[in-house]
Amino acid sequence: MIQVIDLNFTYKKTKKQAIRQMNFNIREGEVFGFLGPNGAGKTTTQRLIIGLLRNYTGQIEVLGKERNQWSKEFYEQIGVAFDFPNLYLKLTAKENLQLIGAYYKTEIENPEKLLDRVGLLPDKDVRAESFSKGMKMRLNFIRSIMHQPRLMFFDEPTAGLDPVNAHIIKEIILEQKSAGKTVFLTTHNMTVAEQLCDRVAFIVEGQIVVTGSPKDLMIEHGKRRIKVEYKLDGKLIETEFEMDHLAENKQFTDILKNTDIRTIHSCEATLEDIFIKLTGRNLL
């Protein structure tokens, strides 16, 4: 769906090189995560692919065609939701969807059904200017998917949302994936990336440090150990064991047989642990 080769981009006014020799690809039907701290180049990359920024060097091939060769038909194929909602504030929630939906040639999903899905149906006739940031984020999100695009770009899609509404948004993203759609997600929230992404790329100062599936990266950079928390003689004890030949470890099997087990965890690294290890940088 997307092939980026030797991409470079410099902002003219500041002379800052935001993207440096970047290479990556996004396969059809996957959720691909671009992970990194603020200012790393995540949003700049998305805007280059979408066409909001130009004058890059290198190649950006989207849906089988070089980006700068696409006409306006490109926007029929994609959906975009940035972390700053882009809405008509004087219009109601339903009017926003109806107006923006009229821009597309394809048939849009029922606005009221979409509003209901993200908990905004009771506010369908309320002007967007009176919405909280979380409500605007949810409206902006469904605005980006209502024309059923093949390729979606989400920038921090759960930012500013409470856990319940964040869960709804994540569910919808996974539903889009199940329907064969492709999602390019940028975030510095590693938990969101672990839950949603098939593959991730770590980006720092405009360069990709590593690419891989979250599970593979967590196993590769974690410890092959098991952590067991159990109660013995009224005391809570935590012990670690090597995974190799674990079934033959007498101490481990004795604990399983003779104590009150509270938790058992493998010691794989989190994506945040890996990011800090590989880049020496924090996410914020």
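The values are calculated or read from the model by the stated rules, or taken from the named source; none is laboratory data. In this text the structure is predicted, and so the values were computed from the model without any measurement. Heads up, the Cβs are rebuilt from the backbone with ideal geometry, glycines too, and the neighbour counts pull from every protein chain shown. To get the accessible areas, we keep the full protein, side chains included, count just its heavy atoms, and leave off ligands, DNA and RNA. Shrake-Rupley method; radii C 1.70, N 1.55, O 1.52, S 1.80 Å.
Data for the structure
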| item | result |
| --- | --- |
| Condition broken by Thr158, with the remaining ones in (1) surrounded by fewer than 18 Cβ atoms within 10 Å (Cβ to Cβ); (2) hydroxyl-bearing (Ser, Thr, Tyr); (3) within 23 Å of the chain's Cα centre (by Cα) satisfied | (1) |
| Candidates Val183, Val204 - the one that is under 17 Å from Lys42 (Cβ atoms) and more than 14 Å from the chain's Cα centre (by Cα) | Val204 |
| The range 216-228, residues that are acidic (Asp, Glu) and either over 19 Å from Ala269 (Cβ atoms) or open to solvent by 100 Å² or more (accessible area, probe 1.4 Å) (or both) | Glu220 |
| Residue match in the range 211-220 (condition: modelled with pLDDT under 90 and in contact with a helix residue (DSSP H, G or I) (Cβ under 8 Å, 6 or more places away or on another chain)) | yes |
| Meets criteria (in contact with a strand residue (DSSP E or B) (Cβ under 6 Å, 6 or more places away or on another chain), among the charged types (D, E, K, R) and open to solvent by 10 Å² or more (accessible area, probe 1.4 Å)) for Arg127 | yes |
| Qualifying residue in the range 141-163 (condition: closer than 23 Å to Val200 by Cα, in contact with a helix residue (DSSP H, G or I) (Cβ under 9 Å, 6 or more places away or on another chain) and small (Gly, Ala, Ser)) | yes |
| Evaluation of Thr239 against (1) farther than 30 Å from Gly36 by Cα; (2) open to solvent by less than 50 Å² (accessible area, probe 1.4 Å); (3) not in a strand (DSSP E or B) (one fails), failing number | (3) |
| Listing of strands (runs of 3 or more DSSP E) fully contained in the range 1-95 that carry 1 or more residues being modelled with pLDDT of 90 or more and open to solvent by 10 Å² or more (accessible area, probe 1.4 Å) | 2-10, 17-26, 57-62, 78-81 |
| Residue that is in a helix (DSSP H, G or I), open to solvent by less than 50 Å² (accessible area, probe 1.4 Å) and under 30 Å from Val204 (Cβ atoms), where the choices are Phe252, Phe275 | Phe275 |
| Every pair of residues 6+ apart whose Cβ atoms lie under 6 Å, when the first sits in the range 159-184 and is touching a residue at least 60 places away in the same chain (Cβ under 8 Å) while the second is part of a loop (DSSP other than H, G, I, E, B) and among the hydrophobic types (A, V, I, L, M, F, W, C) | Thr182/Met1 |
| Near pairs, Cβ below 8 angstrom, 6+ apart or cross-chain, from the range 76-98 (closer than 28 Å to Val31 by Cα and of a type outside the set (Ser, Thr, Tyr)) to any residue that is modelled with pLDDT under 95 and in a strand (DSSP E or B) | Ala81/Asp155; Phe82/Asp155; Asp83/Asp155 |
| Any hit, the range 222-233, residues being hydroxyl-bearing (Ser, Thr, Tyr), under 30 Å from Tyr11 (Cα atoms) and in contact with a helix residue (DSSP H, G or I) (Cβ under 7 Å, 6 or more places away or on another chain) | no |
